[in-house]
Amino acid sequence: MQHLKMFKNRKNENMSEYDIQKLRAVLLYLLNKTGPIDIFHLFKILYFADREHMAKYGRRIMTDNFCAMENGPVPTILYDIIKSKTKKRFLHSYNNKYNDISDSFEPAKDDASYFINSDLIADASYLSTSDKECLDRSFDENINLSFSELKHKSHDDSWDEVWNKNGKRSNLMNPYSSAKAAGASEDMIEYMKEMDEIQSFMMS
């Protein structure tokens, strides 16, 4: 089905310039709220915000798909960018498009740290009222949870179907399953699929 093809292939596609700036704005919005933050908490806050937004409003906050990893969902492109910045690892060539994101934060402690921070202010024009609503709620609900609590909480049905299906190999998660894990109705899931099909048609 076309809507499944869209998210399965998206990790290897280049984001649009708007998508890049939106992801940058989302990242900075959370950094503006918390200051230095470890990427484990950051990624889980993003995941729970994104799945709630899909369940309530039928669209994602950002286009970066989540990958099932041992400790829970991770946004694929953002994870690559942060690994490159904090560990000095070489990124795939397509990631040079994401310099605006990479240049927007710094390691909070040292080059080997997975804590990041930024003095820049998020461009709020990229964030809708509903984006900020879900990001704020996820931040409030998850920022003080422990590693083990967040790991357990993020091992939802959407993560489980990918992790177990692929023999504990990381793989892209199905956004419709993530929305369902957040309580999305069948009508909302169908709406999301229809919107994805329309978008796919317009991009073809």
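The values are calculated or read from the model by the stated rules, or taken from the named source; none is laboratory data. Because the structure is a prediction, the values reported are computed rather than measured. Ligands, DNA and RNA are excluded from the accessible area calculation, which covers all protein heavy atoms including side chains. Shrake-Rupley method; radii C 1.70, N 1.55, O 1.52, S 1.80 Å.
Structure values in brief
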quantity: The stretch 116-204 - accessible surface per residue (Å², probe 1.4 Å); calculated: 60
quantity: 19 Å Cα-Cα threshold exceeded, pairs from LYS56/LYS193; LYS87/LYS165; LYS22/LYS132; calculated: LYS87/LYS165
quantity: Tensor-based shape of the stretch 114-204 (alpha-carbon gyration tensor, a/c under 1.5 rounded, otherwise prolate or oblate); calculated: oblate
quantity: Where PHE43, PHE139, PHE201 fall by accessible area, highest first, once all protein chains stay in place (1.4 Å); calculated: PHE201, PHE139, PHE43
